[in-house]
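Some notes on the structure that comes next.
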Amino acid sequence: MSVTQQAEPAVSTPPAPGPGQADGRTRQRSLALRLLARPEVGVFLGAVAVFVFFLIAAPAVREGGSMATVLYQSSTIGIMALPVALLMIGGEFDLSAGVAVVTSALTASMLSYQLTMNVWAGVIVALVVSLAVGAFNGWVLVKTGLPSFLVTLGTFLILQGVNLAVTKLVTGNVATDDISDMDGFEQAKALFASSFDVGGVQVKITVVWWLVFAALATWVLLRTKYGNWIFAVGGNKDSARAVGVPVTFTKISLFMLVGFGAWFVGMHQLFSFNTVQSGEGVGQELIYIAAAVIGGCLLTGGYGSAIGPVFGAFMFGMVNQGIVFAGWNPDWFKAFLGVMLLGAVLINLWVRRAATRR
C-alpha cells in the first residue's frame, strides 16, 4: 500500500529589519522633506533671494530708512493679505477686497465731516459697514452656492460704483474733504497711522500691527478649533459638514475677517493722508491674492499658512521699493510681479511634489 505525500508550498518570510534598518511602511521622511512640506518654506527662500538681489543691485536698500520704507510698503499689503490668505485656505477668495478698503475710508471720512461728528464715530460706523459687506458676500455664497468669483465680482462692481457716485453726490468732488482738524483725529492717527523711532529711523505703526496680526493668525490656524474648521471647509466642505464643522459660520466669518482687514487698512489710508480718493483700490485685490498665492496658499483651498503671505508681502514691498532705489523704471514693477507669481506657483508645485515623495 503506497502512501502519496504532497509537499506543502514553501512560505517565504521576509527577514526582520536589523538594527538601524527601518521598515519601508513606517519609514519617516527626512527633515528636508518635512520642511519642504511647509507652505511657507518656498516663499521664504524666494524672499531671501529677492532681498539679497536688491542689496547688491540697489546699495541704498542697506540704509535703515530705506528698509523702513520697504517694511511699510510690505505692511500695507500684508495686513490685507492675511485675511485673504485665511479665506483662500477656506476655499474661497474675494475680488472686492481692494475697493472695500476705499469704501471703509470713504464711510468714516464723509460721515465724520458731513455730520461734524467726532472721527471715532465715523471709524465705528465704517467698521460696521465693512463687516456687513463681508457678511453679505459670505451669506450670498452659502445660500446660493455660487462661486466666490461671481459673488465678489458683483460686490466689487457695486462698491466701485457706489464709491464714486456717493462721493460726488455728497462732496461734489471725487475726493473727500480734509478731516485733520476734526475732534479725535490725532488719537485715531496715533492708532492707525503713527510712526515711532528705532535707532534714529522712523518706523510706521502698521509694521507692528502687521506682525501682531500675523502672529495671531498663525496661532488661530495651528492652535484653535476654528483653525481646524478653516482647513476642513477648504479641503472638502461636504465632509467637513458631515463631521460637525459649522461650514456656514466658518465661510461667513472668513469673509467678515476680510472686511475687518479692509476696514483697518482703510483707516490707515484715511489718517495718513487726511482725505480719500474715491476711485482708488481697483486692482489692489489682485495684489492681496497674489501675495497669498506667492505665500503658498492654493486657490483650491485646504492648504496654506499665515506666515507665507508675510514673506509674500515682503517680496512685493522689496521689489516695489527696490526698483525705485535701484534707479530703474518703476513701470517694470508689474512685470516683476507677474514673474514672481508664476515662479512662486511653479516652485510651490515642485515643493509639494517633492514633499510627498517617499
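The values are calculated or read from the model by the stated rules, or taken from the named source; none is laboratory data. Owing to the predicted nature of the structure, the values given are computational and were not obtained by experimental measurement. Cβ sites come from the backbone with ideal geometry, for glycine too, and all protein chains shown count toward neighbours. Please note that ligands, DNA and RNA were not included when accessible areas were found on the heavy atoms of the full protein model with its side chains. Shrake-Rupley method; radii C 1.70, N 1.55, O 1.52, S 1.80 Å.
Only one of these is touching a residue at least 60 places away in the same chain (Cβ under 8 Å) and over 25 Å from Ala81 (Cβ atoms): Thr167, Thr206, Thr144. Name it. So that I can check it myself, show each step before the final result.
Working: Thr206 fails: over 25 Å from Ala81 (Cβ atoms); Thr144 fails: touching a residue at least 60 places away in the same chain (Cβ under 8 Å).
Answer to the selection: Thr167.
Out of all the residues in segment 326-338, is one or more within 30 Å of Ala188 (Cβ to Cβ) and either outside any loop (DSSP other than H, G, I, E, B) or at pLDDT 90 or above (or both)?
From segment 326-338, those within 30 Å of Ala188 (Cβ to Cβ) are none; that's our starting set.
No, segment 326-338 has no match at all.
Which one of the conditions (1) crowded, with 19+ Cβ neighbours inside 10 Å; (2) at pLDDT 95 or above does Trp120 fail to meet, given that it meets all the rest?
It fails just one condition, (1).
Could you check segment 190-278 for helices (runs of 4 or more DSSP H) lying wholly inside it with 2 or more residues that are more than 25 Å from Cys297 (Cβ to Cβ)? Steps first, answer last, please.
Values: elements: 205-223, 225-235, 237-242, 247-273.
The qualifying helices (runs of 4 or more DSSP H) are 247-273.
In this structure, is Thr152 of a type in the set (Val, Ile, Thr), assigned to a helix (DSSP H, G or I), under 18 Å from Ser104 (Cβ atoms) and modelled with pLDDT under 95?
So Thr152 does not fit the description; no.
Answer yes or no as to whether Ser109 is closer than 18 Å to Gln284 by Cα, assigned to a helix (DSSP H, G or I), modelled with pLDDT of 65 or more and of a type in the set (Ser, Thr, Tyr). Step through it out loud before you land on a result.
On the way: closer than 18 Å to Gln284 by Cα: no; assigned to a helix (DSSP H, G or I): yes; modelled with pLDDT of 65 or more: yes; of a type in the set (Ser, Thr, Tyr): yes.
When the stated conditions are applied, Ser109 does not pass them.
Among the candidates Gln269, Gln284, Gln277, which residue alone is in contact (Cβ under 8 Å) with a residue 24 or more places away in the chain, in contact with a strand residue (DSSP E or B) (Cβ under 6 Å, 6 or more places away or on another chain) and under 21 Å from Leu159 (Cα atoms)? It would help to see each step written out before you state the result.
Values: Gln269 fails: in contact with a strand residue (DSSP E or B) (Cβ under 6 Å, 6 or more places away or on another chain); Gln284 fails: in contact with a strand residue (DSSP E or B) (Cβ under 6 Å, 6 or more places away or on another chain).
The conditions single out Gln277.
Would you be able to say whether some residue in segment 162-183 is over 20 Å from Thr76 (Cα atoms), in contact with a Lys or Arg (Cβ under 6 Å, 6 or more places away or on another chain), in a helix (DSSP H, G or I) and not polar (S, T, N, Q)?
To start, the set of residues in segment 162-183 that are over 20 Å from Thr76 (Cα atoms) comprises 162-183.
The next check asks that each one be in contact with a Lys or Arg (Cβ under 6 Å, 6 or more places away or on another chain); those that pass are none.
Within segment 162-183 (the criterion being over 20 Å from Thr76 (Cα atoms), in contact with a Lys or Arg (Cβ under 6 Å, 6 or more places away or on another chain), in a helix (DSSP H, G or I) and not polar (S, T, N, Q)), the answer is no, since none of the residues qualifies.
Could you list, in sequence order, the residues of segment 257-287 that are under 15 Å from the mean Cα position of the chain (by Cα), open to solvent by less than 60 Å² (accessible area, probe 1.4 Å) and modelled with pLDDT of 95 or more?
Of everything in segment 257-287, those that are under 15 Å from the mean Cα position of the chain (by Cα), open to solvent by less than 60 Å² (accessible area, probe 1.4 Å) and modelled with pLDDT of 95 or more turn out to be Val258, Gly259, Gly261, Ala262, Trp263, Phe264, Val265.
Within segment 97-117, can one find any residue that is closer than 30 Å to Ala68 by Cα, open to solvent by less than 20 Å² (accessible area, probe 1.4 Å) and touching a strand residue (DSSP E or B) at 6+ places or on another chain (Cβ under 6 Å)?
No, segment 97-117 has no match at all.
Residue by residue through segment 196-210, note down the ones that are more than 11 Å from Gly64 (Cα to Cα) and surrounded by 15 or more Cβ atoms within 10 Å (Cβ to Cβ). Explain how you work it out, then say what you get.
Filtering segment 196-210 down to residues more than 11 Å from Gly64 (Cα to Cα) leaves 196-197, 204-210.
Matches in segment 196-210: Lys204, Ile205, Thr206, Val207, Trp209, Trp210.
Test of understanding: among Leu157, Leu153, which residue is open to solvent by 30 Å² or more (accessible area, probe 1.4 Å), closer than 20 Å to Ile289 by Cβ and without any contact (Cβ under 8 Å) to a residue 24 or more places away in the chain?
Working: Leu153 fails: without any contact (Cβ under 8 Å) to a residue 24 or more places away in the chain.
Within the list Leu157, Leu153, the selection yields Leu157.
Restricting to segment 249-299, name every residue that is of a type in the set (Ser, Thr, Tyr), farther than 12 Å from Ala100 by Cα and in contact with a Ser or Thr (Cβ under 7 Å, 6 or more places away or on another chain).
Residues of segment 249-299 that are of a type in the set (Ser, Thr, Tyr), as a first pass: 250, 253, 272, 275, 278, 288.
Among the residues that remain, those that are also farther than 12 Å from Ala100 by Cα are: 250, 253, 272, 275, 288.
Once the filter is applied, which keeps residues that are of a type in the set (Ser, Thr, Tyr), farther than 12 Å from Ala100 by Cα and in contact with a Ser or Thr (Cβ under 7 Å, 6 or more places away or on another chain), segment 249-299 yields only Thr275.
From Val61, Val128, grab the single residue that is in contact (Cβ under 8 Å) with a residue 40 or more places away in the chain, closer than 30 Å to Phe196 by Cβ, part of a helix (DSSP H, G or I) and of a type in the set (A, V, I, L, M). Spell out how you get there, then give the answer.
Details: Val128 fails: in contact (Cβ under 8 Å) with a residue 40 or more places away in the chain.
Being in contact (Cβ under 8 Å) with a residue 40 or more places away in the chain, closer than 30 Å to Phe196 by Cβ, part of a helix (DSSP H, G or I) and of a type in the set (A, V, I, L, M) holds for just one of Val61, Val128, which is Val61.
Being of a type outside the set (Phe, Trp, Tyr) and either within 30 Å of Gly122 (Cα to Cα) or open to solvent by 30 Å² or more (accessible area, probe 1.4 Å) (or both) narrows it down to one of Val233, Val324, Val293, Val247, so name that one.
On the way: Val233 fails: either within 30 Å of Gly122 (Cα to Cα) or open to solvent by 30 Å² or more (accessible area, probe 1.4 Å) (or both); Val293 fails: either within 30 Å of Gly122 (Cα to Cα) or open to solvent by 30 Å² or more (accessible area, probe 1.4 Å) (or both); Val247 fails: either within 30 Å of Gly122 (Cα to Cα) or open to solvent by 30 Å² or more (accessible area, probe 1.4 Å) (or both).
Of Val233, Val324, Val293, Val247, the one residue that is of a type outside the set (Phe, Trp, Tyr) and either within 30 Å of Gly122 (Cα to Cα) or open to solvent by 30 Å² or more (accessible area, probe 1.4 Å) (or both) is Val324.
Considering segment 42-63 alone, what residues qualify as being surrounded by fewer than 13 Cβ atoms within 10 Å (Cβ to Cβ) and not hydrophobic (A, V, I, L, M, F, W, C)?
Pro59, Arg62, Glu63
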